[in-house]
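Structure record follows, encoded as structure tokens.
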Amino acid sequence: MRPEPNNKELNNTERDGSQQTPTIMDIESASHRHLLKLGLVAIVVAATLPFIQRPSQIKSDAAPSIGVDSRAVPRERTMVLETRADSPTDVCTRWSHQSAVINGTLYVFGGQATTEPGQTGNKWNNDFLSMDLTKSWQISTPSLIGLPQPSGPPSVSNGFLWNSHESVFLYGGEFSDSPVDPPTAFSLWEYNAMSSEWIEHTNSTTSSGTNAQSGDQSVQRAAEGAGASVPGLGRGFYFGGHEDTHTTEGWSNQVARIYIKSLIEFTFPGYQNSQVTSLSDKKAAGSDGAWRNVTDGGAQDSAGFPERADGLLVYIPGFGDQGILLGLAGGTEDTFTQMNVIDVYDIATSTWYKQATSGPTPKFRVNPCAAVAAASDGSSYQVHMFGGQNLIPAGNQTQYDDLWILTVPSFTWIQVDQDNQPVPPARVGHSCNMWDGQMVVVGGYVGDQLSCDSPGIYVLNASSLQWATGFTALSRDTDLGSSDTTAAPGSESNSRNWVSNAKSNPFNQQPAQLANSSSPGGLEGSYGYRVPDVVISVIGGNARGGATATAPVQAAESGPLKTGGPIIYSTVTSSSTATATNTSGGNSNSGSGNNNNSSGPNIAAIVAGVIAGVLFIIVCYLAFCAWLYRKRLQLYKRHVEMSQQAALNEKNRPTIPGLVPTGAGSSSGGSNDCRIWTSSENTSGRGISKPDNDWGYTEANRTDTAGQNSVDGYLLGRSSDDSGAPEDLLAGNTPSFWGTVLAPRRSLRVVNRD
């Protein structure tokens with residue numbers, strides 16, 4: 001240790017302004033500057049990381065990948081129409097409308113509505129409404145917003161809204177009968193939710209394909225059919241329905257209504273479909289999409305497959321290569337479809353099959369609504385069917401308010417006990433959509449039971465099977481939270497454990513079934529759903545899934561239900577990819593379907609992950625260096641304090657912990673005490689002077705050279721120090737944060753030797 005100046009020299013040095021010993025304030029100022037630099041580095045890292053992690057969108061004319069950031073291929077816009085006044089939200093009753101959900105927004109179009117009790121005419125409309133399902137609301141004040149009424153799409157009811165991940169497509173519907181509004185030529189109307197524009201697709205014609213009619217036939221409008229959307233595959237389906245003078249331009253009123261049993265398939269623009277001839281060789285559908293009319297698919301061509309209208313069509317993933325469709329309920333003016341045998345359509349082969357059910361069977365009915373929820377592991381799917389009506393006897397129809405569940409794959413019907421619940425009034429012509437594990441019911445014709453049913457929106461908690469007083473939003477624009485799949489809407493831990501991210505899970509899938517670049521993932525809208533006890537008692541398992549009934553109770557005779565089982569997803573941990581295993585050899589896809597354009601590893605995600613990992617290591621290292629720097633700075637402050645006090649001390653006996661007399665006497669004191677005083681520290685860190693032995697001598701700490709390793713004859717150090725190593729390492733220089741970053745070993749030696 002370099003000798004410190006005495007008091008006189010110290011004063012002269014201060015006056016000369018040179019070689020001043022750093023003060024505590026100087027050290028603290030330097031410390032603040034280094035901490036400020038560290039804070040700036042942390043801010044830069046935090047601000048840069050989100051941009052590094054965000055995958056770049058690749059512009060391509062190929063079919064889009066099915067994933068969180070998937071988009072349809074760029075396409076040329078056709079006719080874009082101007083909008084008019086906002087649609088009214090305050091109506092007396094609303095029914096026979098069309099609805100669909102796009103990434104957390106429920107859209108409702110057209111249908112029939114009354115504004116006062118007893119209204120008999122002017123009920124058809126093209127009102128366009130939206131409802132935000134990413135926010136909670138009460139059924140008495142739902143978040144219903146009136147969007148501008150379009151000038152092009154006609155006022156129709158009993159059509160269907162298909163939905164992709166960016167648009168809804170209005171197909172079919174019938175025109176007003178009071179007053180009579182003659183139908184116009186068919187056009188498919190698309191509303192792009194990204195640009196808020198309506199687009200007209202005209203002159204639509206079919207293409208030939210698997211089990212389909214020959215191509216180049218004009219697509220006609222039908223009404224009262226059953227529709228289903230499969231956005232993961234990029235397709236919409238419309239089953240059955242009718243055509244008459246209120247649906248088809250130029251239809252003579254002398255020609256009776258005809259009922260249909262064909263299945264119309266529409267491939268969304270930018271998506272692939274290997275079963276359509278015009279899309280062979282992995283071509284993507286053009287800006288107007290691609291149409292196919294399936295008429296010869298297996299059981300569809302048999303006598304036991306009747307025409308029907310006013311039925312249901314629901315999508316179930318996990319069976320076959322692309323999932324299955326179930327045709328339920330419906331009928332004609334004279335006959336009805338029983339529900340003890342279900343029509344099953346295998347999407348991948350364009351073939352219809354029959355499947356018998358078990359359990360008590362619901363009464364036949366027309367115009368009920370249905371929505372499906374998936375178990376967390378995909379071992380079961382519950383079809384919730386509510387309401388509908390019996391048309392017999394004519395003119396005295398009976399509306400229903402019962403709730404049924406068809407659980408798949410066991411194909412067992414379960415009637416839900418609704419006693420002591422606020423069940424909505426019996427209704428028909430309503431719509432149901434599943435989101436956040438809750439079924440949102442909109443509108444419905446309630447007969448003469450009520451003068452008005454306003455606002456006419458209800459919510460069923462599909463996990464508890466209880467009718468709720470409001471919708472509980474589980475999807476919020478925050479980070480993806482806990483993967484605890486035991487939480488459910490309305491539970492105490494709901495807000496803590498069920499926080500979905502509209503960006504990382506825009507399709508509202510179960511955490512183990514999220515879409516990725518090679519798979520569309522699981523069923524959309526099921527986030528937060530858990531299997532109810534009444535279903536578990538029938539199919540086994542638990543709230544997360546684990547159903548033991550993995551095949552129909554009435555054994556399947558053919559099709560994917562005979563050759564394969566459901567896709568089982570792992571629910572051990574939540575991840576951004578769907579990890580699936582197949583319980584049978586029937587299919588091998590790792591999602592709900594095959595998108596025909598699967599790709600290899602996601603290079604962008606890998607690179608982003610590596611960069612994020614490197615940045616994390618850097619941040620951890622800087623944090624360690626900051627801790628090390630603070631420790632070293634504390635030692636240096638104490639060292640400077642000790643040095644300054646030693647220079648000003650005129651007493652012989654040390655008063656600062658760590659100062660040891662190095663000679664037989666002192667130049668400033670009169671004592672002849674020859675004992676060598678050392679310092680030891682108690683648990684509070686204070687030095688206590690004591691002799692090293694009974695005689696007070698510590699020869700090992702003696703120095704024979706006056707002033708060497710001492711200050712005014714006192715050795716600066718602890719009795720445990722062997723050579724004053726910490727002071728040598730400090731070297732009289734103020735510690736630097738960047739010096740610590742570049743040479744952490746030196747600082748670590750100082751801290752360890754302290």
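Rounded to the nearest Å, what's the spacing between the alpha carbon centres of region 214-228 and region 108-123? Just the number, please.
26
Kindly write out, for region 542-553 in residue order, the coupling ³J(HN,Hα) from the Karplus curve 6.51 cos²θ - 1.76 cosθ + 1.60 (θ = phi - 60°), rounded to whole Hz, with x marking Gly and Pro.
8, 5, 7, x, x, 4, 8, 8, 10, 8, x, 4
Among 256-266, 619-629, 368-378, how do they line up by average Cβ neighbours within 10 Å per residue, starting with the highest?
For the peptides 256-266, 619-629, 368-378, the packing ranking is 368-378, 256-266, 619-629.
Show me, for region 86-97, the HN-Hα J-couplings you get by feeding each phi into the Karplus relation (A = 6.51, B = -1.76, C = 1.60, θ = phi - 60°), rounded to Hz, glycine and proline as x.
With the stated coefficients, region 86-97 comes to 5, 6, x, 9, 8, 10, 7, 9, 8, 7, 6, 8 Hz.
Just the projected area, averaged over all directions, of the convex hull on the alpha carbon atoms of region 79-601: how many nm²?
Taking the Cα atoms of region 79-601, their convex hull projects to 22.4 nm² on average.
Tell me the label-point distance for the pair Q138, Q217, using the 7 Å Cα-to-Cβ offset, in nm and rounded to one decimal.
5.3
Tell me the label-point distance for the pair V619, Q645, using the 7 Å Cα-to-Cβ offset, in nm and rounded to one decimal.
In this crude label model, V619 to Q645 measures out at 4.1 nm.
Would you mind pulling out the separation of the Cα centroids of region 407-448 and region 296-351, in Å?
Taking the Cα centre of each part, region 407-448 and region 296-351 sit 21 Å apart.
Mind ranking 90-97, 298-305 by how tightly packed they are, going by the mean number of other C-beta atoms within 10 angstrom, highest first?
For the peptides 90-97, 298-305, the packing ranking is 90-97, 298-305.
What residues qualify as long-range amide H neighbours of T93, i.e. H under 5 Å apart, gap of 5 or more or another chain, H built at 1.01 Å from N?
T114, D453
Once you've got the Cα coordinates, tell me which of K135/K363; K363/K562; K135/K282; K123/K283; K135/K354; K123/K261 are over 32 Å apart.
K135/K363; K135/K282; K123/K283; K135/K354
How do the peptides 320-326, 225-231 rank, highest first, by the average count of neighbouring beta carbon atoms within 10 Å per residue?
Output ranking for 320-326, 225-231: 225-231, 320-326.
No lab work stands behind these numbers, since they all come straight from the coordinates. Quick caveat: nothing in here was measured; it's all calculated off a predicted structure. Note: ideal-geometry Cβ built from the backbone for every residue, glycine included; neighbour counts use all protein chains shown.
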